[in-house]
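Everything on this sheet refers to the single structure shown next.
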Amino acid sequence: MIRFPEVQRKAQAEIDRVLGGRLPEFNDQEDLPYISAIVKEVLRWQPIGPISVPRAASEEDIYRGYYIPKGAIMVPNSWSLLQDKEHYPEPHIFRPERFMKDGKLNPSVRDPVKIIFGYGRRSCPGTHIALSFLWLTAATLLKTFDLSKAVDENGNTIEPSMEFHAGVICEPAPFKCNIKPRSAEAKELIHSVEMTP
């Protein structure tokens, strides 16, 4: 959101229109499709797991002219699937709108959730829980906070680096930013959430 403030503004407009003065709940997902599109685009654009769990071929096969013997170890390249120009035109651009059509999620666009959480019998059994909490976290942050670029001591904007530490797990390199409540009402909502030990 720091790097793409126009996405943040559009998301916050949707949230404000639908939620008014309350925090989001799980059952708001259908009414907040742009937030769902943002979550899908985050998962697609810079996947936390660029490769999937290795698998062994259960039988010999020929794929695109390549012979795969039974027992061969294969490593699915999730990053490549999520950067496929045929399914995601201009894949290097962060664009949640690619998952939208006529104000709703477009089911004809390949869902990155089916890639990032694994495949077939080896897919993550907690996908629905993880996705629900990721959605709720994104919606809550966007409802209550403005996220923006940091400013140095001379008042110059600090651009986030967009560098990632790659490996089995891919994570962003540390960067500076500003996170502040959107309003006095947002501050009240933040303080209304009771944290239990």
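The values are calculated or read from the model by the stated rules, or taken from the named source; none is laboratory data. Keep in mind it's a predicted model, so treat the numbers as computed, not measured. With ideal geometry, Cβ positions are generated from the backbone for all residues, glycine too; neighbour counts draw on all protein chains shown.
Restricting attention to segment 118-174, which residues are closer than 24 Å to residue 78 by Cβ, in contact (Cβ under 8 Å) with a residue 24 or more places away in the chain and among the basic types (Lys, Arg)?
Hit for segment 118-174 is 122, nothing else.
Taking the residues in segment 136-165 that are under 14 Å from residue 177 (Cβ atoms) and among the polar types (S, T, N, Q) as candidates, determine which candidate is modelled with the lowest pLDDT.
Here the residue is 161.
Take segment 176-197 and flag every residue that is at pLDDT 90 or above and surrounded by fewer than 10 Cβ atoms within 10 Å (Cβ to Cβ).
184
Do you know which of the residues in segment 66-117 that are aromatic (Phe, Trp, Tyr) and in contact with a Pro (Cβ under 9 Å, 6 or more places away or on another chain) is nearest to residue 9 (Cα to Cα)?
99
Considering only segment 20-37, I want to know if a residue exists there that is among the aromatic types (Phe, Trp, Tyr), at pLDDT 95 or above and buried (at least 16 other Cβ atoms within 10 Å of the Cβ).
Looking for residues that are among the aromatic types (Phe, Trp, Tyr), at pLDDT 95 or above and buried (at least 16 other Cβ atoms within 10 Å of the Cβ), one finds at least one in segment 20-37, hence yes.
Out of 130, 166, 173, which single residue is surrounded by 12 or more Cβ atoms within 10 Å (Cβ to Cβ), among the small types (Gly, Ala, Ser) and either out of contact with any helix residue (DSSP H, G or I) (no Cβ under 6 Å at 6 or more places or on another chain) or over 26 Å from residue 27 (Cβ atoms) (or both)?
Among 130, 166, 173, only 130 is surrounded by 12 or more Cβ atoms within 10 Å (Cβ to Cβ), among the small types (Gly, Ala, Ser) and either out of contact with any helix residue (DSSP H, G or I) (no Cβ under 6 Å at 6 or more places or on another chain) or over 26 Å from residue 27 (Cβ atoms) (or both).
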